[in-house]
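I have placed the structure first, in the form of structure tokens, so that the comments after it can refer back to it.
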Amino acid sequence: CLLATPTEAPTTTPTDAPTMPTTLPPTEDQDEQFCSSHCLAAGYCCNDYTLGSNQMISCAQACMMRARGSNYEEMGTDHNGICKRDGQSGCGLEVNGNSYSFCQRCMDLQDSCPFGVPSSDACDFGARLNPPSANPEQAPTIPPADAPGAGAWSVTEGACAVDGNCVTSPNFPSPYGDSQSCSISVQANGKAISVESFQTELGYDKLFVNGEAFSGSVGPEGKISSTGGTITWTTDNSVASAGWKICLLATPTEAPTTTPTDAPTMPTTLPPTEDQDEQFCSSHCLAAGYCCNDYTLGSNQMISCAQACMMRARGSNYEEMGTDHNGICKRDGQSGCGLEVNGNSYSFCQRCMDLQDSCPFGVPSSDACDFGARLNPPSANPEQAPTIPPADAPGAGAWS
């Protein structure tokens, strides 16, 4: 199913219009959040960069090295860089004055990485990411060995264009046109998508990848393509933006290629932690284009996406939350500054620190809460998985 996209303009009178300048440099917290969410989306483990395993550099650690000044040429295994390690390379490393450790137990293990960091592929992927603080002049060039080759994309309809192992919106890098559509067939199975550029009209001009809609400035970074799948692009009849360019990278490996030095002895059935729920909610709401992704901060007397998602993790279900059920998401700019849900307190009259062009005043409407209430964080009861209301279906023609 397809979920509704976030609205662009606030529907309530903002109560906390920020006075801080929008030109502040990125913070380390923003880099951490970017690295964690992009590595998690690509299927990697050990996404808390302060924890490493198997004497290998994790995707999140490599991404943070990029944020702190390193470039792909001094990191990539194909350049004999610091990513080129094995299970005997040591438990620590200092890079640009920052220390990283590699002999711990990660808390977010998955079936694809049961022992932590399986190989140098994780580091190579992280070294190609562009976190907010990374020097744009050091943006990595994808090595030829990772290029999926001719035929990775095939434009079956419309004016989108194939550019090597990349594909672009019509007329890119110039603005695309109104009322356009494209269909792109994917011919390279299991490759992760890297976003080189992405700027569309939020909520109206959309790129669909694996059924998920992307618009605004948030592209499908780290999403895994599937052979035979179709990527679609649609625009409305007004307001064109610069467009997008997406490319294919190498995929993460599933099995460890080194002998793990820290095979966990803890049971894999441990319940999820609140930190894992927080990370899930923050990264998924950020990827969907919402602001106020620190659930401890809310604004405009509205419930944020991250707050609603944490309510789900703590026992609430969509039926008692959704606006179409007259639930707690149904609020306006006069609904009050606080609420207690299942014994947990939430506040809604603060200034968020992650404002974007799509939400300059914080939480614009109840759409953010409705979206978060449909997410399934790790601690959510699977029997309470929400059913998407018909009102949110994008309508006939969304799939073919």
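None of the figures in this text is laboratory data; all of them are computed from the coordinates on show. This is a predicted model, so every value here is computed, not measured. Positions of Cβ are backbone-derived with ideal geometry, glycine not excepted, and every protein chain shown enters the neighbour counts.
Between Ser347 and Asp236, the distance separating the two model label sites (each 7 Å from Cα on the Cα→Cβ line) works out to 3.6 nm.
For the stretch 92-135, what class follows from the C-alpha gyration tensor (a ≥ b ≥ c being the square roots of its eigenvalues): rounded when a/c is under 1.5, otherwise prolate if a/b is larger than b/c, else oblate? Don't skip to the answer; put the middle values down first.
On the way: a/c = 2.27, a/b = 1.41, b/c = 1.61.
Oblate, because a/c is 1.5 or more while a/b does not exceed b/c.
Only aspartates and glutamates eight or more places from Lys223 in sequence, or on another chain, were considered; those with a Cα closer than 13 Å are Glu212. Across the stretch 56-119 the C-alpha pair distances fall into 10 Å bins from zero in the proportions 20, 54, 25, 1 percent.
The simple spin-label model puts a point 7 Å past each Cα toward its Cβ; for Ser174 and Glu28 those points are separated by 4.6 nm.
Arranged from highest to lowest average of other beta-carbon atoms within 10 Å per residue, in what order do the peptides 285-293, 202-210 appear? It would help to have the intermediate numbers written out before the result.
On the way: 285-293: 25.3, 202-210: 20.6.
Per-residue Cβ counts within 10 Å, averaged per peptide and sorted highest first, yield 285-293, 202-210.
What FRET efficiency comes out for Asp357 versus Cys91 if R0 is 30 angstrom and r is the Cβ-Cβ distance? Round to the nearest 0.05. Spell out each step's value before the answer.
Numbers: r = 43 Å, r/R0 = 1.43.
Plugging the Cβ-Cβ distance into 1/(1 + (r/R0)^6) gives 0.10.
Partner aspartates and glutamates whose Cα lies under 19 Å from the Cα of Lys206, excluding those fewer than 8 positions away in the same chain, are identified as Glu8, Glu157, Asp178, Glu196, Glu221, Asp236, Asp357, Asp367, Asp392. So how far, in whole Å, is the C-alpha centre of the stretch 208-223 from the one of the stretch 313-343? Result: 28 Å between the Cα centres.
Sorted by mean Cβ packing within 10 Å, highest first, what order do the peptides 347-359, 99-111, 328-340 take?
347-359, 99-111, 328-340
Here each label is just a point 7 Å from Cα along the line to Cβ, and for Gln104 and Asp78 those points are 3.1 nm apart.
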